[in-house]
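Encoded as structure tokens, the structure appears first; notes follow it.
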Amino acid sequence: MSFHLLLPSSIDSNPHEPRRALAMAPPPDRLSALPDDVLAHVLSFLPTPVSAATSVLSRRYRHLWASVPDLNLDHTLHRSIASFESSADAAFRRRDPSVPLRSLRLSADERTRAPPRWLLRAARLGVRRLALTGHACACFVALAPELDLAGLRSLNLRYLSRRQGDKYPLVPEGIRLPALESMELVQVDLGAGEVTQLVAACDALCSLDVRPLATLEVLDLRSPTLRRLRISCLFSAPHHTELSLECASLEFLVLEHSGNLQAFRALPMPELRTAAVTMDLLTAGDMEATSVLIRSVASVQELRLHLTESKFQVEPFPLLAEHDQPFPSFPNLKTLELSMCFHEYNIPGLITMLQQSPVLQSIKLTHLAPRMLAKTKKRRQWASKLPRNSSGNYQFASLKNFQAEEGNKLLYQLSRRLKSKAIRSS
């Protein structure tokens, strides 16, 4: 006798077949489900020729790129200048006139002759943000008196150099930028006083980034509305600079400088909360300016200091404070990162700074070995006086809670590391 078990056909079928069919199904088109204004915002992150190429995708995309509020025109994306100019002209000509021009990013070299008419067209469209590179910067400077810049909110100029013999000013006489809030001057050939004039032309400036192409002997910045400031003058060759700041509303400061800081003047900045200062190639002649700079940032909550001596400096000297000047208190300081050569002349200033920071929490100290190109330099004079750390060396020290017992221990160890009685009493 034999028995036959009959199974349903559904069981005989491959159990993996529904999953395979689901995997082979085309994914849902979620991008097309977005509204037009969101798609236009997505296209605004692309170079304009690339966003224009989406017009071949479907009927919906045919004119969508024309309503993008930003234009990004870059000559390096084209094989020839003629192709670049033709593409840029078409971008302006086919724009939807009902959509305001939010920003224009324009990069052009000296072979391009069309930037003046593009800038004039952008100004008539009420452009709010301008980011210009190369020859486009020079065209902007030449056309500025003719442009309606009353509504301009952001200005970014990069890589502008004047040839030998060029006399045109970077700041046209009588220029006004009443609504400008943000300005970046990166690798721009700035003349004496031109940054000062440009800042003075702004009534609502909040953010300023200055990274000049060449050294600035004098930099005088005065702005009652400025909140964020970056000044970067890092050059391989040492130079002399006089820096003056009158920015009562400043909250964030980045200062990078190499060479001799002959003079530093600053009015009180009570709103300053974060400061990052890098000073390179310092000599004993910079002690006064460096001391004034440290006193000017005494109101910060977060402070990063990176101080290095010149390779030609033979004898060590105190970087944090002069012997005959009172050291400031830091009533709000919570985070301190200090990188410098912690030789014995810098330890007294460090101890005083830590003692006069009542709410200090996090501290990170990094010893920077000096350059030893001067033949008369003695390595022992420049040796680190930081206490031995858990790694068994004297190159760094770090604490997360300075107000705990570990902070008192660090102060005690620093005092013990001082070799000279004269230095201990200074």
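The values are calculated or read from the model by the stated rules, or taken from the named source; none is laboratory data. The structure presented is a predicted model; accordingly, all values stated were derived computationally and were not measured. Every residue, glycine among them, receives a Cβ derived from its backbone with ideal geometry; neighbour counts consider all protein chains shown. Side chains included, ligands, DNA and RNA excluded: accessible areas come from the protein's heavy atoms. Shrake-Rupley method; radii C 1.70, N 1.55, O 1.52, S 1.80 Å.
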Legend entry - Cα gyration tensor shape for the stretch 71-175, rounded if a/c is under 1.5, else prolate or oblate: oblate
Inset, instruction - Pop a pseudo-label 7 angstrom from the Cα along the beta-carbon direction at both Arg380 and Arg60 and give the gap in nm to one decimal. - result: 8.0
Legend entry - Where the stretch 91-213 is the region considered: accessible area per residue in Å², 1.4 Å probe: 48
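Just the number, please: carbon plus sulfur as a percent of the accessible area of the stretch 256-326, 1.4 Å probe, no ligands or DNA/RNA counted. Please report the intermediate quantities before stating the final value.
On the way: 1420 of 2780 Å².
Carbon plus sulfur share of accessible area: 51 percent.
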Inset, instruction - Answer rounded, prolate or oblate for the stretch 234-355, using the Cα gyration tensor with square roots of eigenvalues a ≥ b ≥ c: rounded when a/c is under 1.5, else prolate when a/b is larger than b/c, else oblate. - result: oblate
Inset, instruction - Run down the aspartates and glutamates and flag those whose C-alpha is under 16 Å from the C-alpha of Lys400, throwing out any fewer than 8 positions away in its chain. - result: Glu302, Glu337
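Excluding Cys233 itself, calculate the net charge of residues whose Cβ lies under 13 Å from the Cβ of Cys233, where each Lys or Arg counts +1 and each Asp or Glu counts -1.
Numbers: positive: Arg211, Arg230; negative: Asp209, Glu217, Glu242, Glu256, Asp280.
Once all neighbours under 13 Å are counted, the net charge is -3.
Multiply the residue gap between Val38 and Lys409 by 0.36 nm, knock off their C-alpha separation, and tell me the result in nm, one decimal place. Mind dumping the intermediate values first?
Working: separation 371, 0.36 × 371 = 133.56 nm, distance 5.80 nm.
So the extension gain works out to 127.8 nm.
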Inset, instruction - Holding the Cα-Cα limit at 18 Å, pick out from Lys334/Lys385; Lys311/Lys385; Lys364/Lys409 the pairs that are longer than that. - result: Lys334/Lys385; Lys311/Lys385
Inset, instruction - Give the peptides 296-308, 396-408, 117-129 in descending order of average Cβ contacts within 10 Å, highest first. - result: 296-308, 117-129, 396-408
Inset, instruction - Please report, in whole Å, how far the alpha carbons of the stretch 39-114 spread along each principal axis, starting with the longest. - result: 37, 24, 20
Inset, instruction - Excluding Ala144 itself, calculate the net charge of residues whose Cβ lies under 14 Å from the Cβ of Ala144, where each Lys or Arg counts +1 and each Asp or Glu counts -1. - result: -3
Legend entry - Surrounding net charge for Ala91, when Lys and Arg each add one and Asp and Glu each subtract one, Cβ distance under 13 Å: +1
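Skip the ligands, DNA and RNA, and give the accessible area per residue of the stretch 244-367 with a 1.4 Å probe, whole Å².
I get 36 Å² per residue for the stretch 244-367.
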Legend entry - Accessible area of the stretch 73-214 belonging to carbon and sulfur atoms, whole % at 1.4 Å probe: 47
Inset, instruction - Return the distance in nm (one decimal) between the two label points of a simple spin-label model at Gln395 and Asp220, each offset 7 Å from Cα along Cα→Cβ. - result: 4.6
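For Arg153 and Arg93, compute 0.36 nm times the residue count separating them, minus their Cα-Cα distance, and round to one decimal in nm.
Working: separation 60, 0.36 × 60 = 21.60 nm, distance 2.40 nm.
Separation in residues times 0.36 nm, less the Cα-Cα distance, equals 19.2 nm.
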Legend entry - Mean Cβ neighbour count within 10 Å, used as a protection proxy, ranking 379-385, 198-204, 265-271 highest first: 198-204, 379-385, 265-271
